[in-house]
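Everything below concerns the one structure shown next.
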Amino acid sequence: MDDGLISVVVPTYNRAYCIARAIDSVREQTYSNWEVLLVDDGSVDDTAELIASRYGDDPRIRYMHQANAGVTAARNTGIRASRGDYVAFLDSDDVWRPWKLEVQLACFRFFPNVGMVWTNFEAVDAAGKVVKSRYLTTMYEAYRFFESFESLLGNSRDLAEVVGPRDDLEPSAKVYVGNIYTSMLRGNLAHTSTVMLSRERIDKVKEFDETLTLSGEDYDFHFRTCKWGDVCLVDAPSTEYQLEFEDRLTKHKKQIALNFLRTVQGAITRESGNGTFPKAMIEDVLAEAHSWIAEELYKVKDYAGVRHHALLGLRHRIWQPRLACFLGVAFVPRLISDPLIRSYRGCKSLITSSKRT
């Protein structure tokens, strides 16, 4: 059944070595009515030549080149150029399973009020070996606040009931549907390379926030997506996620923390006075956000920043012994605090080593 055109937005930057795997995984989909918006964000490798030689005769693949502006701007370029009834996102180092688009379309058809469908995904190492077959709850820490997918979304069905019997899907897989807007205040719950949105929903969400640099734009976008109604999670791994690229995030932990705070504060402000987010949840989330930032600033010895965010964190939740320790160290002159910190780390290392032996 043809459920309409799907626009697949693929941002890329200097990924000639792996981009073909991503695009080929779209071409191998069991659902064939799609277009690829490949947005080259100023690559200086041979991406353009590769696309022209490998896909130049496929009119469904539209190559667009822009000056380097970041992945967020590249995704927005793709969204603006999209013509589909649905929009899906695929990062250039990820790979889809052939059933992905067909199964997600079946979910939209089965649950007509749903505006976004995302799925679980598997983590693979540099050699392509599966490290974990369902990585969603491992990668996104906000899932720790929920006992199960059903407790988060509230309604479940067998995937076979939604899509019919298939040999390429696990018989026990389930689909979960509900409104998770309030829950999203805890943190991101959707992985962008698995997400598909209806045209109606993306017209409401518009675009990614390009002022959120280095990280956090995904969380903000999915958070705003959930504001507009029900969403659907398919608990089956539709996407291969490359673990070898995770180090891109570890370099920017401070910015990740700051962008998290900015996103939740923006949502709290937007919903101020209407009771969408319980007061206890707001206090808890803001306490965690400021504590996280204080810890990241402590690592780079920004003690003024540590004091500022630690005090704010303790204001939202007073009982935080670890944060209180950071605050105490931040008030001690560095001539004294640095040797103390080195001694503490040395003792901690010795204790860890002795436990291993």
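The values are calculated or read from the model by the stated rules, or taken from the named source; none is laboratory data. Nothing here was measured: the structure is a model prediction, and the numbers come from that model. With ideal geometry, Cβ positions are generated from the backbone for all residues, glycine too; neighbour counts draw on all protein chains shown. Accessible surface is based on the protein model in full, side chains and every heavy atom, while ligands, DNA and RNA are left aside. Shrake-Rupley method; radii C 1.70, N 1.55, O 1.52, S 1.80 Å.
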Taking loop as defined by DSSP and a crowding limit of 12 other beta carbons within 10 Å, which trypsin sites (Lys or Arg not before Pro) in the stretch 124-191 fit?
LYS129
Angle between the chain longest axis and helix 217-226 axis [Cα atoms, degrees, rounded to 10]:
70 degrees
Rounded to the nearest 10 degrees, the helix 279-299 long axis (Cα) sits at an angle to the longest Cα principal axis of the chain of 70 degrees
Among beta bridges assigned by DSSP with both residues in the chain, the antiparallel ones amount in percent, to the nearest 5, to 40 percent
CYS18, CYS325, ranked by accessible area, largest first (probe 1.4 Å)
CYS325, CYS18
Considering only protein heavy atoms, what per residue accessible area in square angstrom results for the chain with a 1.4 angstrom probe?
47 Å²
Bin all alpha-carbon pair distances of the stretch 178-226 at 10 Å intervals from 0 and give each bin's fraction as a whole percent.
24, 60, 16, 0
If you place +1 on the Cβ of every Lys and Arg, -1 on the Cβ of every Asp and Glu, and leave all else neutral, what size is the dipole of the chain about its Cα centre, to the nearest 20 Debye?
1800 debye
Comparing ASP40, ASP91, ASP168 in a Gaussian network model of the chain (Cα, 10 Å), the one with the largest mean-square fluctuation is ASP168
Taking protein heavy atoms only, a 1.4 Å probe, and rounding to whole percent, the accessible area of the chain owed to carbon and sulfur comes out at 54 percent
Note on the stretch 133-264: alpha-carbon gyration tensor, axes a ≥ b ≥ c; rule is a/c under 1.5 for rounded, else prolate if a/b larger than b/c, else oblate; result prolate
Accessible surface, 1.4 Å probe, highest first, among residues PHE146, PHE326
PHE146, PHE326
Taking just the alpha carbons, could you work out the radius of gyration and Dmax for the stretch 209-333, both in angstroms?
16.8, 53
Would you mind telling me the antiparallel percentage of the DSSP bridges in the stretch 91-235, rounded to 5?
75 percent
Would you tell me the accessible area of GLU49, worked out with a 1.4 angstrom probe on the heavy atoms of the protein chains, in Å² to the nearest 10?
110 Å²
Can you compute the radius of gyration and Dmax for the chain, using only the Cα atoms, both in Å?
22.3, 71
Under 24 Å between alpha carbons, and skipping anything fewer than 8 positions from LYS254 in its own chain: which lysines qualify?
LYS299, LYS301, LYS348
